[in-house]
Amino acid sequence: MKLSFFIVFLSCMQVAATGYSQRRISLDLKNTKIKRVLDRIAGQSTVHFLYSNRKVDLQQKIDVQAHGEALDVVLNKVLDGTGFTWKELDNELVVIIPANTAWDNIKVKGRIVSADENEPLPGVTVQVKGTSIGTLTDADGKFSIDAPAGGQLVFRYVGYEVMELPVKANMDVQLKKSSSALTEVVVIGYGVTQKKDLTGSVVSVTPKEFNKGIISNPVQVLQGKVAGLVISKPGGNPNGKVSISLRGASSLSASSQPLFVVDGIPGIDINAVPPDDIVSIDVLKDASAAAIYGSRGANGVIMVTTRRGKDGAPQVSYSGYIGIDRISNTYDVLSADQYRQYLKDNNLDARAWDLGSSTDWQKAVIRTGLSHSHNISMSGGKDNTRYSASVNYLNNEGVVLNSGLERIIGRITLDQGMFNNRLRLGLSMNYVGEKNRYAGQDQDGNGDNRIWEQMIAYNPTAPVYNADGTFYEKLDINDNYNPVALANQIKHQRAMNKFIGSAKATYDITKHLTYDLLLGLERASSDRGLYYSKESPVIEGAGSNGTATRASRTWDNKTLETYFTYNQQWQKNTLKVTAGYSYQNFFTNSMSAGNTQFVSDIFSYNNLGAGQGDQPAVSSGAEENSLVSFIGRAFYSYQDKYLLTATVRRDGSTRFGKDRKWGTFPSASLAWRLTQEPFLQNSSWLQDLKLRVGYGVTGNQEISNYKSPLTYAPGGKVLDNGRWVTSYQIGQNENPNLRWESAAQFNAGFDFVMFKGRLNGTIEYYDKRTKDLLFNYNVPSPPYLFPSMLANVGKISNKGVEESKVVLPTKDQIIAQMKVLRAFHYYLAIDAFGNIPIVTSFAQTDPPRNTPRAEAFKFVEKEILDNIQALPATLDTKNYGKVTKGMAFMLLARLYANAQVYTGTARWADCIKMCDSVTRQGYQLEADYFANFSTHNENSKENIFVVPYDAINAKGMMLHYLTLHYNNRYTYGLPSSPWNGWCTLQAFYESFEDDDKRKTMFLEGQQYSQDGTPLKTEQGDPLIFTRTIGDLANAKQTEGVRIVKYEIQKNTPYADQDNDLVIFRYADALMLKAECLLRMGREGEALAIVNNVRARNFESAKPLPALTLDILLAERGKEFIWEGCRRQDLIRFGKWNSAWQFHPADGEYRKLFPIPQAQLDANPNLVQNPGYK
């Protein structure tokens, strides 16, 4: 919800686009290059210039003068005699071309219908290919657009195939429905299949469904998109690991994370893939689908397919995001004053515990983190050679001091077809560079748990700094530390570099037999440094006189995947068989060193030799494990309705006992497409119905290496002949019987596509049972050397029902919403301008004339009544912020309430009917008045029609900027501004009763900063807002009570405020009904309604004893302040002139706004409203 919302309103009130003749340019340039002149013109307008450096020489120098002349005239002056001319591509784009270039625009008109039903399609996007010029079809499917001769028009519509056609003057287009719901290609591991042929549980997600914004881990694009997939990330920590589980945790000690397969390579780090380069993600949920990955499919498999080059000219694209990270809810802890009161109430020694300051430790440690990401990519191809390249940069500032993530990813792909495309070669290379800044350290060495603990537990009366600028520290009996000091005195960083390369060859041996070979390499190195300042009171700091650790690690992941695929169709049968071999090897090399007793902090962790510790720590190690697999899968289909898939995978892993290394993982699944049966084959409303049932076994090998054999490990240091030496001892109990975890899963469900693709989804039941759980359990010692060991000890079960569906709006709903929204815009125009022009069709060629207000009223009324039944349900959350039945009824209620103003004839009874219709939609008053305007007002059951806030597509509601005053940064932690805020008159403010809760929206008296400091004006006087205003036109900074109705999110920029802008709410429907009843002589009923609305604003009921129109107008003023109702109310109640403080003599004609001069200049048929020149 934004100012752009009001811009939309204004644009709808205007009757014609502003042409180039209305844009005025002033220039006085001599001997200036044409390019410089065009730059100056662009700076005075919103026009952008396009030209080819090879064909257009803009280095020529010219003289040009213009004083407020039209843009088109100035352009003709600039290019006169240069050999160049200009053409308008759209209202913001001008191309400079040689004068002899053939570039004739054609006025294209046409109509678009569906190929199946020959019905008009409203809202189809019609775009000139290669430009930003475009339009939409109207409710009758008609369009009109200017396009260059010889160009191409592109037609796009949801649920239909994209079509490109050459430009012609008259174009009648038939769009075909897309059957993507059934023919969509799904990646299933070692191949692809069509969605209609799936027998297992697989969910596909495409980029248009991805979550947008700044994504530090690509898997976050799936959050909330796949039933049963739970994704969580530690709040505020950009380096925190994302936790992922599919259908619940199924292991106690082994990993429960799904297996990621990127472009066919299993086990690749998903962070190495830029989200902008992902073209599809397929989630294999059940065992029958995931068993093809055997030992690593127990937790499901997530298949990621990345972007590659396509045939065509090079295309360059850019995307970027800027945002903030903030903690929305902090812990509720004692403030310094509350802490002191606690000491007093409990007779505790204040001298020992009250340290004399007031510190909010959460605010001292937590900040608003600024984050931004950028992605630039290029792709193209020709003659069987295709390429792509991209660079992605992410900078994510953590909310805790000194934490952050910086990452850059470079990616190149190359594909080549040979021998009539029988041999297809593909190459992909990724580079990832990453820098991590950790705040403090947790048990794993890469987190900030201790800082979080201390900012909650540390004494709020302690200062952050001593008088000399050093960090304050005073350990109490609980060893609590200054959390700000922890964040600054512990330096913890990591740098990582990673290369991922893959090469794939696919060869069609015969028409039915294909061979695939895939080689992959992931090679990475990391360098981590950790230093505890000798000034830090933690044991690693002052207790060791400074501690430094440096650790490096390198690792390789080598992959070989090779398989044959046989695909044969005959008569009514389809058979597809895959058989292959897989080998994967992981090797890790690590080294770390540490020291203590540093003379100075200056070296940090960069000079371990500067430490004087008695026992410098040095360690190194290497680990290796391998996985060998044999793979088989067969798919059979009969008549495209009876489907069978069977897989088997035989895995051998070096991680298990010598006689338990191998495991076999089979699966089978069946599907029956009922819509291919004769009794459903010709159904007009059911396009696909498929029943599925499957069973399979998968494994889990995700444990540490060397957990089965007897191992030796370094022991303690011992003194031998005056020097410290390391002892060795047995490291763990031997378990030669350590074996795979195995998960057996049963899955049953059905997939459906209904109403010509407008409703599709899945409902399924699963029962997953894992046995031989890997767990460290206690054993007797002796006979075992250690009291615990990793073994297979138990079982775990997960079961549930999942539902997912996609509902597309019907054509009738789309048309109805478009027409009612248009009626809403015309209603606003009628109210503001009176006699307005109305345009309803592209076929209207003459400039429109002013339509009498009463006639325009009838048009709006009919438009709503004709379409209201086709609108979607009101309280369905999917329709939040959209045009619904409730919104339409409320719009009619507003229209009828003002009918006497608009037409001269009252419609009070009709208004009551519409208000009752709003009530029947299920709305209700919120118990808390301000819940309608809070940062979570999307949960309000009172709000009927809102403009939703969208952090990506539409920035926050800028009304906050209008209501706030210049000291925002002190009161709310917002950027400072010269604006001094809106204020209200004394009489209106004092009309509120003292105990009216709504009075809290006003700011009166001394204003304070967030930490309680009294604020001052820019002149240094106390900032005390007074009720009185001496001279309204020249009010002082302190005069006038300020208004803040919408909740303000502290420390959040204006553009990111999270409230939704309220247009209609249920209280207005009730108050309008009361007004109409009162005007019809039914005061008792009206009074009961008004008192009901008032009741929530007082601790105890304070009903009005009587009701008049004056009293009701006053109540409306208090209820709907700052909601855009007052002007309309004053006119309707006959108080427009008397409400003006200065009672202007010309106030009557000011009931209407003047029609903008630009519109009068553009349309000679328009007539200005009376009273305006």
Hits in the range 133-167 (condition: modelled with pLDDT under 85, surrounded by fewer than 16 Cβ atoms within 10 Å (Cβ to Cβ) and over 25 Å from Arg822 (Cα atoms)): Ala149, Gly150, Gln152, Glu161, Val162
Selected residue (criterion: surrounded by the fewest Cβ atoms within 10 Å (Cβ to Cβ)) from residues of the range 1014-1045 that are under 38 Å from the mean Cα position of the chain (by Cα) and part of a loop (DSSP other than H, G, I, E, B): Leu1015
Close pairs from the range 1122-1140: first closer than 22 Å to Met1001 by Cα, partner among the basic types (Lys, Arg) and buried (at least 16 other Cβ atoms within 10 Å of the Cβ), Cβ under 6 Å, at least 6 apart: Trp1122/Lys1045; Asp1129/Arg1116
Set Val806, Val801: member being surrounded by fewer than 16 Cβ atoms within 10 Å (Cβ to Cβ), in a strand (DSSP E or B) and at pLDDT below 80: Val806
Per-region count, the range 501-547, residues of a type in the set (Asp, Glu), buried (at least 18 other Cβ atoms within 10 Å of the Cβ) and closer than 30 Å to Asn239 by Cβ: 2
Answer residue from the range 330-349, given it is more than 29 Å from the chain's Cα centre (by Cα) and in a loop (DSSP other than H, G, I, E, B) and is modelled with the lowest pLDDT among those: Asp349
Qualifying residue in the range 770-791 (condition: small (Gly, Ala, Ser), outside any helix (DSSP H, G or I) and in contact (Cβ under 8 Å) with a residue 60 or more places away in the chain): no
The range 357-404, residues that are in contact with a strand residue (DSSP E or B) (Cβ under 8 Å, 6 or more places away or on another chain) and assigned to a helix (DSSP H, G or I): Val365
Set Ala1088, Ala1139, Ala1114: member being assigned by TED's automatic domain parsing to the domain that holds Lys882, modelled with pLDDT under 85, surrounded by fewer than 19 Cβ atoms within 10 Å (Cβ to Cβ) and hydrophobic (A, V, I, L, M, F, W, C): Ala1139
Residues within the range 927-969 that are part of a helix (DSSP H, G or I) and at pLDDT below 75, tallied: 7
Enumerated helices (runs of 4 or more DSSP H) restricted to the range 1-120, each holding at least 1 residues that are at pLDDT 60 or above and not assigned by TED's automatic domain parsing to the domain that holds Gly151: 34-44, 71-79
Test: residue in the range 505-524 that is assigned by TED's automatic domain parsing to the domain that holds Ser403, within 30 Å of Lys363 (Cβ to Cβ) and not aromatic (Phe, Trp, Tyr): no
Subset of the range 1003-1038 (residues that are over 19 Å from Phe992 (Cβ atoms) and among the charged types (D, E, K, R)): Asp1011, Lys1016, Glu1018, Asp1021, Asp1031, Lys1036
Index of the failed condition, Ile409 passing every other in (1) more than 23 Å from the chain's Cα centre (by Cα); (2) part of a strand (DSSP E or B): (1)
Given (1) part of a loop (DSSP other than H, G, I, E, B); (2) in contact with a strand residue (DSSP E or B) (Cβ under 9 Å, 6 or more places away or on another chain), number of the condition Asp1011 does not satisfy: (2)
Those residues of the range 315-329 which are among the β-branched types (Val, Ile, Thr), assigned to a strand (DSSP E or B), out of contact with any Leu (no Cβ under 7 Å at 6 or more places or on another chain) and within 19 Å of Gly973 (Cβ to Cβ), in sequence order: Ile322
Residue match in the range 778-791 (condition: surrounded by 16 or more Cβ atoms within 10 Å (Cβ to Cβ) and over 19 Å from Asn733 (Cα atoms)): no
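The values are calculated or read from the model by the stated rules, or taken from the named source; none is laboratory data. What you see is a predicted model; the values in this text were computed from it and never measured. For neighbour counting, all protein chains shown are included, and Cβ atoms are generated from backbone atoms with ideal geometry for every residue, glycine included.
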